[in-house]
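Undergrad: Got a structure for you, questions after.
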Amino acid sequence: MSALLEAPPHRRPATPTRRPRARSGPAVVVCVIALVLAAALALHALIPPLFGVSLLVESALPWLGLAVPVILIAAFITRSKGAVAAALVPAVVWAVMFVPAIVPLSWSAPAASANTLTIASQNVEAGSGTAAESATTLAATGAQVIALQEMDDAARSEVEAVLSENYPYSYGIGTVGVWSAYPIENAQALDLGLGWQRGIAADLATPTGLVSIYVVHAASARPDDHATRDEMLANLSDYVPRDENSRLLMLGDFNAGSSDRNMAGLFGSLSEANQTDGGFGFTWPASLPVTRPDHVLQRGMEVTSNTTMRVGGSDHLAVLTTFNL
């Protein structure tokens, strides 16, 4: 009977399992950094052009995507759902802005037609002494038109000696020139309103009709000095709606990346094809390209291929683009 009245053995209450708490301080920091990065990507055109900040940010805009995985890892470390959600915002913004531009053209490019036009363009770098080498290599690609920028008098003479036989039509002024297997009509210096001879306009008489061509070498852009380049690009964009030809090419060294706000006027009416094998197609500096100041913009034609290649000793890669006529 005493055994029945004995009190049950004492048991300690079970200790509740504790979930790891989110680190609120680091989580807040991650959220702030993520949202600032998203704002810099989406609203870069609103960054004031003070002390060259806007130029630097827009030149590096594609590279800001490298910060996204770092922020995501930091967000997971904090164990904060809010931080993870915030870290996804710049990832989505970057993807929307740049993924469509880096998808390989080969996935959707039309087949080459019976009549194609291949354009080669390069800044040959004054003083490199390899303009003739560049011209020889570009001619070997089978391009019907070769446009070169940043030539001095010696380079122009050397290029002319190399190309004159197979490219009997040419026109040049200042630092730019174009050599063509097709007749060049209505060639003239391009008035960019600055008194600089760094642009030309002409018509290419192709087998399927006229194609307008503009070859430009925009002024250099530095963080503390890019007003001249900005004005040249603004003046260039005014030519496009006034051009009467339905097919138009504008190419050369624009000294501005695709995400530069001063290219918006041109991209509003012209397009630039993706790279055949995908990627950003950076062209400068040639040894380790990190930005793309060299462009081939167009309207009215289908692009079948678009690539870059290293030729000569220039600090710019060449651009090689083929169109269906």
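The values are calculated or read from the model by the stated rules, or taken from the named source; none is laboratory data. Everything numeric in this text was worked out from a predicted model, so none of it was measured. Neighbour counts are summed over all protein chains in view; Cβ atoms, including those assigned to glycine, are modelled from backbone coordinates with ideal geometry. Please note that ligands, DNA and RNA were not included when accessible areas were found on the heavy atoms of the full protein model with its side chains. Shrake-Rupley method; radii C 1.70, N 1.55, O 1.52, S 1.80 Å.
Undergrad: Output the relative contact order of the chain, whole-number percent, from Cα pairs under 8 angstrom with separation of 6+ residues.
TA: Here the relative contact order equals 19 percent.
Undergrad: Another question, then. For segment 154-310, with the dipole built from +1 on Lys and Arg beta-carbon atoms and -1 on Asp and Glu ones, taken about the Cα centre, which of V290, L190, L236 lies farthest toward the positive end?
TA: V290
Undergrad: How far is helix 24-42 tilted, in degrees, relative to the longest principal axis of the Cα atoms in the chain, given as a value from 0 to 90 rounded to the nearest 10?
TA: Taking the Cα atoms of the chain, the angle to 24-42 is about 20 degrees.
Undergrad: Turning to a different aspect of this structure: Taking the convex hull of the Cα atoms, report for the chain its projected area averaged over all directions, in nm².
TA: Its Cα hull, projected and averaged over all orientations, spans 24.9 nm².
Undergrad: Please list 3J(HN,Hα) in residue order for segment 167-183, calculated via the Karplus relation 6.51 cos²θ - 1.76 cosθ + 1.60 where θ = phi - 60°; whole Hz, with x for glycine and proline.
TA: 10, x, 10, 8, 7, x, 7, x, 9, 10, x, 9, 10, 9, 7, 9, x
Undergrad: How charged is the neighbourhood of D243? Take every other residue with its Cβ under 12 Å from the Cβ of D243, and add Lys/Arg as +1 and Asp/Glu as -1.
TA: 0
Undergrad: Once amide H atoms are built 1.01 Å from N in the peptide plane, which residues 5 or more positions from W196, or in another chain, come under 5 Å H to H?
TA: HN-HN under 5 Å from W196: empty list.
Undergrad: Taking R0 as 35 Å, what FRET efficiency do you get between Q197 and A95 from their Cβ-Cβ distance, rounded to the nearest 0.05?
TA: For R0 = 35 Å, the calculated efficiency reads 0.25.
Undergrad: Please check which bits of segment 192-219 a label hung off I173 would reach, taking the label as a point 7 Å along Cα-to-C-beta and the cut-off as backbone N under 18 Å.
TA: Of the residues in segment 192-219, 192-204, 212-219 have backbone N under 18 Å from the label point off I173.
Undergrad: A follow-up question, please. If I take every Cα pair under 8 Å that is 6 or more residues apart in segment 204-307, average their sequence separation and divide by the length, what percent do I get for the relative contact order?
TA: Computed value for segment 204-307: 28 percent relative contact order.
Undergrad: 222 nm [θ] for the chain, helices only, -39500 (n - 2.57) per DSSP H run of 4+, per residue, to 500?
TA: Estimated from H runs of four or more residues: -9500 deg cm²/dmol.
Undergrad: Using r as the Cβ-Cβ distance of S269 and A205, and R0 as 35 Å, what FRET efficiency do you calculate, to the nearest 0.05?
TA: 0.90
Undergrad: Mind giving me the FRET efficiency for A112 and N166? R0 is 22 Å, r the Cβ-Cβ distance, nearest 0.05 is fine.
TA: The pair A112/N166 has a calculated efficiency of 0.60.
Undergrad: At what distance in nm do the modelled label points of V57 and M309 sit from each other, each positioned 7 Å from its Cα along Cα→Cβ?
TA: Distance between label points: 3.9 nm.
Undergrad: Relative contact order for segment 90-217: what is it in percent, counting Cα pairs under 8 Å that are at least 6 residues apart?
TA: Once divided by the residue count of segment 90-217, the mean separation gives 17 percent.
Undergrad: Carbon-plus-sulfur fraction of the accessible area of the chain, 1.4 Å probe, in percent?
TA: The computed percentage sits at 60.
Undergrad: If you don't mind, there's one more thing I want to ask. Under the rule of at least 5 residues apart or a separate chain, name every residue whose amide H is placed under 5 Å from the amide H of L249.
TA: Amide H neighbours of L249, under 5 Å, 5+ apart: S212, I213, Y214.
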